Each structure stands twice: as C-alpha cells, then as structure tokens.
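One structure is given here, and the rest of the page talks about it.
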Amino acid sequence: MSNKTTEATKTTKVKKVLSVVAGLGLLAGCSTLPDDTNPEAISSYAPAPSGQEAPTPTDGQPSDLLLRDFFTASAHPLRDHQAAKKFLTGGMQGRWQSDAPTMVLDRIDISSEGPGNDSKITYRVRGNIVGTLGVGGVFDPQYTAFETSYEMQNVDGQWRISNLPNVVVLDRQDFVSTYRARNIYFPDLNGRALVSDRRWIYTGQQSTAASLVSLLVAGPQDRLKKAVRNLVPEDATAQVSNDGGGDPAVHFTGLQELSADARRLLAAQVVWTLAGSEVRGPYELTADGTPMTDDMHGKWLVQDLSQYDPNVQVQTPLRAVSGGDVYQQDGARAKKLEGWLSQQYVESVALSPRDEVYAAVTGRGDAPRQLMIGAKGDQPVSSVQANSLTRPTWGLDATSAYVVADGERITEITRNPESGIVGERKVDSSTMAMVDGKDKRISVFRVSHDGARAVMIVNGRVYVVTLDTTDDGTKRLGAPVEIGHAVGDTAVSADWSDDGSVLVGTRANDAPVWDIEVDGSYSQQITGRNLSAPVVSVATDGSKIYVTDANALMQFDVTSEESRFWREVPTMQGKRATPVLAD
C-alpha cells in the first residue's frame, strides 16, 4: 500500500470488503473480491519449505465431509494452496485465486441448500469473521457475519467443489494450529526501545529465521510506519543461513550508508526478533561482507544488546490510591507516602517507569480536576485542568505523559528531566471520527511500555491506536482498531501487560477480567472466582495481577499453579484501593 494511503482509507477499504462477504457470489458469473492480501509470510530467499500434513480427498468421501476437509486444507498456503486445490474440480483449480483475501471464522457451519442429487449439491456456509489475514501475516480483527454458498459436483464418483467464492476461509482452530504469532521488532523513533510488530507465520516452513528476517527487511506494517523507524534501506537485501557450527547467520547487503549507531540498532532488531521466536543464538551478523559493527567481530548474544530488551520489567513495589492518599507496600504493611502527594486529594496517579516521577490527578466532588507532576520529594508542577481527567499515563520514560480531559481532549505533557518544567501539546485525535457512535467519550487512555501505542476505552469498548509522530514533532492518533469484540461495551478499565497484551476489567459478573492480544486475534477470560464486578482498575507486574473490584484491591498469582481464587491484597485490607505500578 502506498505511503500516501491514509489509515482511514485502509480501514474503509477493509470494511467495504467485509460488507460484501455476506452476499458473495460464486466465481461463475460474479466479480471477485480484491486480491490484495496474501497470508503467506515467507522469505523469497528462504529454503523451499517442507510440506506440512494436510488432509487430502479420500475415495468415496461424503460431500459435506470433503467440504470440511477443504477448509482445513486451506490453512496450508504453500505452493499456491496446492493442498486445498486438490478438493476442486479440474476447471476450478485454475480459476480459484489462492491469493484472495483470507478470512478467519469463529466456526464454520455447513448445511445443504435445498435438495441435492447424486451429481450436484450446494451447501450454505455460515460463521462470524473474527479477523482477516493480510500481507506479511498482519491480523486485522473484525466481527462480521459470513454467509455464502459452495457448489459441489460428482466427478467420476468423487465429490469435488465446482464453484466457490474467491476468498480463503479458515476455521479459527485450523488457523491457530497452522500459524503462529511472532513479534518482529522495530526501533521507536528515538532509537531507545524496540516496538513489537505482531505477525502470524505459517508453521510449515523450513526456516523460521528466514521468514522473520524477510518480514523485518520488508518493514513495519502500515499502522506502525509513523510510530517506528525502518532502518533497512529500500534496496538492501538479507540472506539467512546457518554457519559451520549450526548457529544462525544473517548477511546484509546495501547498508553502506548506515551509521555505526544505526547498525547496532539493526543488530538489536535482528537478535531480539530471532531470540523472541525461539531461534537460538549466538548470531553471526554481517553488513556488506564485514562485521555489522567495528567493535563486534564475534557472534552476537542477547546480553550484548540487553539495553534493548523488549521484555525487560521495571520492578517497583506496589503502590495504591485509597481515600485520596497514595500508599506504598513496605513489607507486611502499607505506608502512606508523604510530601506533596499527601497535601491534596489524589484521585488517580501514574508512576514513571524510570526516575520515580508521579503524575497525579487531584480534586474531588464537583471541583475541577488538576494534573500535577513531580518527583516525590520535589515541588510539583501544575498542568492540565478540566472537569474530568483520565488517569494519567507515562510514555517510555519521565519526559512525556498523556491525559484525556473531559473524555475527548488528549494532551501530551512534555517534561524537562533537568528542570522539571512541563509543556502541553494537543494530540491530534481526528481519527476518532472512525469510531462508531455518537457522544464518544474516552474513559481510559493507557500508553504501552514502549511508548508507541495506546489502549483506550471509548463508550465501554476497547481500542488500540498507534501514537504517530507528525512532521512538526507532535503526536497524532493512528486509526483506532477495536480489539475487544469479546467484551462488547462492558469494559471499564484496561492496562498493558509486560508481554504486550491488554488486561481488561469489565462490569460483567460472569467475565470480569480478560486478557486480549494487541492485534485482537485472541482473547481469554481470567478466572473471576471471588471477584465482584465492576472491575474498575487493573494492573500487572508479570507475576501478579491486581484489580479493584466492587469491594477491595485483589490479587491473583499467575506464577502459582495452586492459585484458583482472587484474594485481597494483605497490606490494603479494609481499604478499597486502586493499584499503581510503574508504567
């Protein structure tokens, strides 16, 4: 897609594609869907992939079972969907375009459409589209009804599909069985952190490393292009192999113009992308026949690039807000923090991931809300004032924070770490027009640990946006993508997990807490035993999940196999409190 194509245009295009799916005609005599997506993410220089077992037509197979096996075989894209084409008639094999849009359904229901006979039968196929799989394995979450027909013909005593829509349809179970989510990492615009770009890669390929590097060289997905850097020049190439010792080796060409710092950052991209996908090192990296950097003549280890570790966790003691005061867990008790935080009523607070700088919303009742920023022992600086303010959220570090005023005005607060002076810059939120509904109100806005994305709750629905940087250095929301279809409009709280997924609290008693992947491809309920909705606050440090339900501040130990119930945080018993961890 052209860089000039806006996210709004892209989303509108996807919606148009989905809107016609329910009325898809068969290939005979009907126009086809745009064939601008391809589910196969495979390097052009990767070794020829080995075939993975896929069903094949069996002698005398009933028509409905053959159709189901066709859908299962469609999850194997290699060799122009050769496995799936075995289920088609000879004439249809050359007409069905296997690079057509790929749609993942929550289930595939099959029923006959009118009476059939010994030579022909038509089946109606129904389900709900949960997402589409695009170029480079990008998953785009959707939730749209799917219904269309598949015609079958008896050819020499064997059923084959004689007419079908020009679209690849996958059952979700087949999809997750044959594709695996992987993170491709790209540096943020300042080169201080690696940002994950989640892709789905077919598992039946010989070289996972080659596929990953191919995607890295191709660049970030469209949604991330204005939030990350693409260091690889357009005419550069990469070759992936194993060296004499069996370790992965990546040889780049066309990097002559890259600076030493950029090459080291590219090395971090490659190493953490491979390591995060279980491609073990050490890693040999070269650029135009020489070592990637002058100071690194041996193989690279993740320890050599630990400052870019995308999985690093900021370990801070639990803090909590209760009754306008901020408490810090201190051994077996909770201690109220002194200083400026104790001199006003604190409604909500965010702690920076480094330097322990607080951003607090102060005020209560009908009084205006005031954002105040400062380290615990310093004098705070006043910032945004409004009738209501969301809980503030920090970016990558203590130099920028964000808050939403009156449910609609998003402001970035910049902070000079030396002087503590803050400034305010409006965030362009014009893409909010793409969100359905009237009177759209943002009740939660939380920035990811790498500073490139934000999760927000709008009228009870969960969206993820990128924080794009414009030419003048200000921020702009990318196209909002709804990832929480499973929770509907019941969401009341959300925050980021250390693995990049989103933790969501709801007002539904039967499903009070959810964990949702950032691309919306997967969501699961977390046990709600001993919780009472609504869950108005959520947080996690990787080992424990903290939530505030209708009664108290609760915790769940995710590292213990014996954990079955939520229990009250011992140090905050008797107080209804909201958890605070470093952003």
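State whether the residues of the range 347-357 include one that is within 15 Å of residue 376 (Cα to Cα) and either aromatic (Phe, Trp, Tyr) or not assigned by TED's automatic domain parsing to the domain that holds residue 576 (or both).
Within the range 347-357 (the criterion being within 15 Å of residue 376 (Cα to Cα) and either aromatic (Phe, Trp, Tyr) or not assigned by TED's automatic domain parsing to the domain that holds residue 576 (or both)), the answer is no, since none of the residues qualifies.
Being polar (S, T, N, Q), under 27 Å from residue 325 (Cα atoms) and either assigned by TED's automatic domain parsing to the domain that holds residue 455 or buried (at least 23 other Cβ atoms within 10 Å of the Cβ) (or both): is that true of residue 543 here?
Details: polar (S, T, N, Q): yes; under 27 Å from residue 325 (Cα atoms): yes; either assigned by TED's automatic domain parsing to the domain that holds residue 455 or buried (at least 23 other Cβ atoms within 10 Å of the Cβ) (or both): yes.
Considered against the rule, which asks whether it is polar (S, T, N, Q), under 27 Å from residue 325 (Cα atoms) and either assigned by TED's automatic domain parsing to the domain that holds residue 455 or buried (at least 23 other Cβ atoms within 10 Å of the Cβ) (or both), residue 543 comes out as yes.
Those residues that are part of a strand (DSSP E or B), more than 29 Å from the chain's Cα centre (by Cα) and either among the polar types (S, T, N, Q) or within 27 Å of residue 267 (Cβ to Cβ) (or both), I need them from the range 290-341; list them, please.
Matches in the range 290-341: 290, 291, 293, 296, 322, 328, 329.
Rundown of residues vs (1) surrounded by fewer than 23 Cβ atoms within 10 Å (Cβ to Cβ); (2) under 21 Å from residue 192 (Cβ atoms), yes/no style:
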residue	(1), (2)
422	yes, yes
477	yes, no
483	no, no
503	no, no
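Identify the single condition in (1) at positive phi; (2) not in a loop (DSSP other than H, G, I, E, B) that residue 246 does not satisfy, given that it satisfies every other one.
All conditions pass for residue 246, except number (2).
Among the residues in the range 389-400, are any of a type in the set (Ser, Thr, Tyr) and over 32 Å from the mean Cα position of the chain (by Cα)? Spell out how you get there, then give the answer.
Narrowing the range 389-400 to residues of a type in the set (Ser, Thr, Tyr): 390, 393, 399-400.
Those left that are additionally over 32 Å from the mean Cα position of the chain (by Cα): none.
The answer is no; no qualifying residue exists.
Residues are listed down the side, and each one gets a yes or a no for (1) of a type in the set (A, V, I, L, M); (2) more than 28 Å from residue 490 (Cβ to Cβ); (3) free of Cβ contacts under 8 Å to residues at least 40 places away in the same chain; (4) in a loop (DSSP other than H, G, I, E, B):
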| residue | (1), (2), (3), (4) |
| --- | --- |
| 355 | no, yes, no, yes |
| 372 | yes, yes, yes, no |
| 397 | no, yes, no, yes |
| 410 | yes, no, no, no |
| 419 | no, yes, yes, yes |
| 443 | no, no, no, no |
| 449 | no, no, no, yes |
| 454 | yes, no, no, no |
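Answer with yes or no whether residue 536 is surrounded by fewer than 19 Cβ atoms within 10 Å (Cβ to Cβ) and over 18 Å from the mean Cα position of the chain (by Cα). Full working, then the answer.
Values: surrounded by fewer than 19 Cβ atoms within 10 Å (Cβ to Cβ): yes; over 18 Å from the mean Cα position of the chain (by Cα): yes.
For residue 536, the condition - surrounded by fewer than 19 Cβ atoms within 10 Å (Cβ to Cβ) and over 18 Å from the mean Cα position of the chain (by Cα) - is met.
Out of curiosity, is residue 155 of a type in the set (A, V, I, L, M, F, W, C) and under 33 Å from the mean Cα position of the chain (by Cα)?
Numbers: of a type in the set (A, V, I, L, M, F, W, C): yes; under 33 Å from the mean Cα position of the chain (by Cα): no.
Against the criterion (of a type in the set (A, V, I, L, M, F, W, C) and under 33 Å from the mean Cα position of the chain (by Cα)), residue 155 does not qualify.
When you check residue 520 against the structure, is it under 15 Å from the mean Cα position of the chain (by Cα), at positive phi and buried (at least 24 other Cβ atoms within 10 Å of the Cβ), yes or no? Spell out the reasoning first.
Values: under 15 Å from the mean Cα position of the chain (by Cα): yes; at positive phi: yes; buried (at least 24 other Cβ atoms within 10 Å of the Cβ): yes.
Taking the combined requirement at face value, the residue satisfies it.
Under 6 Å between Cβ atoms, which residue pairs at least 6 apart in sequence (or on different chains) link something in the range 65-94 that is outside the structural domain of residue 203 (by TED's automatic domain parsing) with a partner that is of a type in the set (Asp, Glu) and assigned to a helix (DSSP H, G or I)?
Cβ pairs passing all conditions: 72/174; 75/174.
If you scan the range 432-464, which residues turn out to be touching a Gly at 6+ places or on another chain (Cβ under 7 Å), surrounded by 23 or more Cβ atoms within 10 Å (Cβ to Cβ) and of a type in the set (Val, Ile, Thr)?
Selection gives 447, 462.
Could you please find all residues in the range 353-368 being within 15 Å of residue 314 (Cβ to Cβ) and modelled with pLDDT of 95 or more? Full working, then the answer.
Filtering the range 353-368 for residues within 15 Å of residue 314 (Cβ to Cβ) gives 353-358.
Selection gives 357, 358.
Which count do you get for residues in the range 349-385 that are buried (at least 20 other Cβ atoms within 10 Å of the Cβ) and of a type in the set (Gly, Ala, Ser)?
Within the range 349-385, residues that are buried (at least 20 other Cβ atoms within 10 Å of the Cβ) and of a type in the set (Gly, Ala, Ser) number 7.
Only one of these is hydrophobic (A, V, I, L, M, F, W, C) and without any contact (Cβ under 8 Å) to a residue 60 or more places away in the chain: 287, 227, 268, 209. Name it.
Details: 227 fails: without any contact (Cβ under 8 Å) to a residue 60 or more places away in the chain; 268 fails: without any contact (Cβ under 8 Å) to a residue 60 or more places away in the chain; 209 fails: without any contact (Cβ under 8 Å) to a residue 60 or more places away in the chain.
Of 287, 227, 268, 209, the one residue that is hydrophobic (A, V, I, L, M, F, W, C) and without any contact (Cβ under 8 Å) to a residue 60 or more places away in the chain is 287.
Which pairs do you get when a residue that is more than 14 Å from residue 409 (Cα to Cα) and touching a residue at least 40 places away in the same chain (Cβ under 8 Å), found in the range 381-395, comes within reach of a residue that is charged (D, E, K, R) and not in a loop (DSSP other than H, G, I, E, B), reach meaning Cβ atoms under 6 angstrom, with the pair 6+ apart or on two chains?
Listed pairs, sorted by first residue: 393/446.
Taking the residues in the range 546-572 that are part of a strand (DSSP E or B) and aliphatic (A, V, I, L, M) as candidates, determine which candidate is surrounded by the most Cβ atoms within 10 Å (Cβ to Cβ). Working first, answer last.
Residues of the range 546-572 part of a strand (DSSP E or B): 546-548, 553-557, 567-568.
If we keep only those that are aliphatic (A, V, I, L, M) as well, we get 547, 553-554.
Numbers: 547: 28, 553: 26, 554: 22.
If we take residues in the range 546-572 being part of a strand (DSSP E or B) and aliphatic (A, V, I, L, M), then 547 is surrounded by the most Cβ atoms within 10 Å (Cβ to Cβ).
Hey, could you check the range 318-337 for residues that are farther than 22 Å from residue 557 by Cβ and free of Cβ contacts under 8 Å to residues at least 12 places away in the same chain and say which is surrounded by the fewest Cβ atoms within 10 Å (Cβ to Cβ)?
336
For the range 131-157, what are the residues that are in contact with a His (Cβ under 9 Å, 6 or more places away or on another chain) and modelled with pLDDT of 95 or more? Walk me through it before giving the result.
Keep residues of the range 131-157 that are in contact with a His (Cβ under 9 Å, 6 or more places away or on another chain), which gives 141-143.
Correct list: 141 only.
If a residue must be at pLDDT 95 or above and more than 16 Å from residue 177 (Cα to Cα), how many such residues does the range 93-111 contain?
We begin by selecting, within the range 93-111, every residue at pLDDT 95 or above; these are 103-111.
Next cut, more than 16 Å from residue 177 (Cα to Cα) only: 109-111.
Going through the range 93-111 one residue at a time, the tally reaches 3.
The values are calculated or read from the model by the stated rules, or taken from the named source; none is laboratory data. Quantities reported herein were computed from a predicted structural model and do not represent experimental measurements. A quick note on method: Cβ atoms are made from the backbone with ideal geometry, for glycine too, and the neighbour counts reach across all protein chains shown.
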